[in-house]
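The values are calculated or read from the model by the stated rules, or taken from the named source; none is laboratory data. Keep in mind the model is a prediction, meaning the values are calculated, not measured. Cβ: placed from backbone, ideal geometry, glycine included. Neighbour counts: every protein chain shown. For accessibility, only protein heavy atoms count, side chains too; no ligands or nucleic acids. Shrake-Rupley method; radii C 1.70, N 1.55, O 1.52, S 1.80 Å.
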Amino acid sequence: MKLEMLDIGIFITYVLGLLILALWISREEKQGGKNTEDYFLASKSLPWWAIGASLIASNISAEQIIGMSGSGFAIGLAIASYEWMAAITLIIVGKYMLPIFLKNEIYTMPQYLEQRFDSRVKTTLALFWLAVYIFVNLTAVLWLGGLAIETVAGVDWMYGMIFLAVFSVAYSLYGGLKAVAYTDILQVVLLVFGGLFLSYLALNQVSGGEGFIAGFSVLTTELPSHFDMILSPENEHYMSLPGISVLVGGMWLMNFGYWGFNQYIIQRALAAKSQKEAQKGIAFAAYLKLLMPIIVVLPGIAAVVLYPNLSSPDQAYPSMMALMPVGIKGLVFAALVAAIVSSLASMTNSISTIFTMDIYAKLKPGKTQKHYVTTGRIAALVSLAVALVVAEPLLGKFEQAFQYIQEFTGFFTPGIVVIFVMGMFWSKATSAGALAAAIGSAAFSILFKIIWPELPFMDRVGLVFLICLALCVVVSLMTKTTGSNNCVSLDEVNFETDRNFNVAAIGIILILIGLYATWW
């Protein structure tokens, strides 16, 4: 499939428009330039709509659109549990975890660990996150993005990856988080409406032109197994989504690790102008998450009917774009690229924040604010360059990149969740207990992977979490606290939420009950 001149023209207009908008947002408003709060936390001035949009734009990228669409092709609607369970996870994070982070006035997740435990825990987790962001997340977004550009536009995947890296740098490197967050509003509008339109065309095509409702009916009739939300043990994909565990097991841990303690996600909420504004933004993002399966999973299921002989499941979404009429195809291609570059920009900004504030500033204290901002920009450039080099060797052999990412991060998520939850809500947790949980998470995950390979990875995540929880408790009780707990007391944290947030939370719960009751 190739883009016509009109499609290319629309895409170029989008690229230029985004660059102009980003440069306008990034203009200097202070004499002497940006300080670290301006660059890394958008001067702590983000409104709720920018926070919610940026949370989704940061999350929905190549590995989400292309990867989850591929999983929709291979597995079906069950993969949507990642999206729908994320909605309720966001509500819990906004209610109970975000207030603690905001009260402690942190820049990064490792900074909170230093305040709560000591520099050993902070440095260990900071280095871990830097490695994961560069060698897992950035590489996956670049690799899948390059493949999508090759499929849609006929441009070699390597040139596609280079374009994505350069584009993300061009609009985000100078302005920092503020440029990323405000341009994400445009990105999300394009992504949502472009994605919904593609889903409409796909269902209409499935029905032979009789409408999207008839198309959905055809899918549920011809592919009933693709609409099982809870997979039985006999299902060939049970190892990826092990039945009831998606509701009561390891998926909760995966979601809390991602939405609650993940720097490039939570950084948007840390930049809010107030706690209530941050909570409204999180509630907004939760409702957008409920839409995502329609945008990213449904086209993959439709591709089973329209393109049953794809060489790889990850070719489902790019192939579906062939349904688009000239002009609209360019717009939807722009939406796909928008999702990719917004995630790249978010990740590189978070990499630069962690490296600068948690590693470099400790090694080189007392430097000027301008020096630290420049260091952050250099860190962002270097991380993208490294990801470009290692993307193909690391990911080229995997058929479903999204599942690969989930399984890899599942090695470390149990320990991360234990460290944060125990650190926030159990005063007796010590640095030694936290480090034991971190090391135990990787060790036990790898051990079970080797000696118990038939254990589904999500169940493994839950089992390792329980072991790490016990390990943290035992080691903490056996050791003395080292360092000082500089975090504010929970008594000082305001966990109250306003009426709008509470109504939004109840709405999310009711919608999820309806969805699972329908597609169980």
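Identify, from the list V192, V188, V180, V246, the residue that is surrounded by 19 or more Cβ atoms within 10 Å (Cβ to Cβ) and under 30 Å from L455 (Cα atoms).
When all the criteria are applied, what remains is V246.
Report yes if C472 is under 26 Å from I106 (Cα atoms) and either touching a Leu at 6+ places or on another chain (Cβ under 6 Å) or part of a loop (DSSP other than H, G, I, E, B) (or both), otherwise no.
no
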Cβ contacts < 7 Å: first residue open to solvent by 60 Å² or more (accessible area, probe 1.4 Å) and aliphatic (A, V, I, L, M), restricted to the stretch 218-239; second residue modelled with pLDDT under 90 and assigned to a loop (DSSP other than H, G, I, E, B), any location; separation 6+ or different chain. Result? M239/P456
State all residues of the stretch 29-73 that are open to solvent by 20 Å² or more (accessible area, probe 1.4 Å), modelled with pLDDT of 90 or more and either over 25 Å from I266 (Cα atoms) or in a loop (DSSP other than H, G, I, E, B) (or both); if no residue qualifies, say none. F73
Whether any residue in the stretch 488-501 is among the hydroxyl-bearing types (S, T, Y), open to solvent by 30 Å² or more (accessible area, probe 1.4 Å), out of contact with any helix residue (DSSP H, G or I) (no Cβ under 9 Å at 6 or more places or on another chain) and closer than 24 Å to L247 by Cα is what I want to check. no
When only residues in the stretch 476-485 that are modelled with pLDDT of 70 or more and part of a loop (DSSP other than H, G, I, E, B) count, which is surrounded by the fewest Cβ atoms within 10 Å (Cβ to Cβ)? K480
Pick out, from the stretch 344-425, the helices (runs of 4 or more DSSP H) lying fully within it that include 3 or more residues that are modelled with pLDDT of 90 or more and within 29 Å of W143 (Cβ to Cβ). 369-395, 413-425
Residues of the stretch 356-385 being under 23 Å from S61 (Cβ atoms) and open to solvent by 70 Å² or more (accessible area, probe 1.4 Å), in sequence order, are L381, V382
I'm trying to understand the selection: among the residues of the stretch 76-94, which are farther than 21 Å from A504 by Cβ and open to solvent by less than 10 Å² (accessible area, probe 1.4 Å)? G76, A78, I79
So, in the stretch 307-321, of the ones that are assigned to a helix (DSSP H, G or I) and either among the hydroxyl-bearing types (S, T, Y) or open to solvent by 50 Å² or more (accessible area, probe 1.4 Å) (or both), which residue ends up nearest to V155 (Cα to Cα)? S319
Go through the stretch 128-158 and report how many residues are under 19 Å from the mean Cα position of the chain (by Cα) and either in contact (Cβ under 8 Å) with a residue 60 or more places away in the chain or buried (at least 21 other Cβ atoms within 10 Å of the Cβ) (or both). 19
Test result for W252, of a type in the set (F, W, Y) and open to solvent by 20 Å² or more (accessible area, probe 1.4 Å): yes
Give just the number: which of (1) part of a helix (DSSP H, G or I); (2) free of Cβ contacts under 8 Å to residues at least 40 places away in the same chain does G433 not satisfy? (2)
Criterion violated by G215 - all others in (1) assigned to a helix (DSSP H, G or I); (2) at pLDDT below 85 satisfied: (2)
For the stretch 316-354, which positions are of a type outside the set (A, V, I, L, M) and either under 19 Å from G194 (Cβ atoms) or in contact with a strand residue (DSSP E or B) (Cβ under 6 Å, 6 or more places away or on another chain) (or both)? Y317, P318, S319, P325, G327, K329, G330, F333, S342, S343
Considering only the stretch 195-214, state which residues are out of contact with any Gly (no Cβ under 8 Å at 6 or more places or on another chain) and either open to solvent by less than 10 Å² (accessible area, probe 1.4 Å) or charged (D, E, K, R) (or both). G195, L198, S199, E210
The correct count of residues that are in a loop (DSSP other than H, G, I, E, B) and over 16 Å from the mean Cα position of the chain (by Cα) in the stretch 246-276 is 4
Please find, among S476, S445, S431, the residue that is in contact with a Phe, Trp or Tyr (Cβ under 6 Å, 6 or more places away or on another chain), hydroxyl-bearing (S, T, Y) and farther than 22 Å from M239 by Cβ. S431
Using beta carbons and a limit of 6 Å, which pairs, at least six apart or on different chains, have the first residue in the stretch 359-376 and in contact (Cβ under 8 Å) with a residue 24 or more places away in the chain and the second one in a loop (DSSP other than H, G, I, E, B) and surrounded by 18 or more Cβ atoms within 10 Å (Cβ to Cβ)? V373/K34
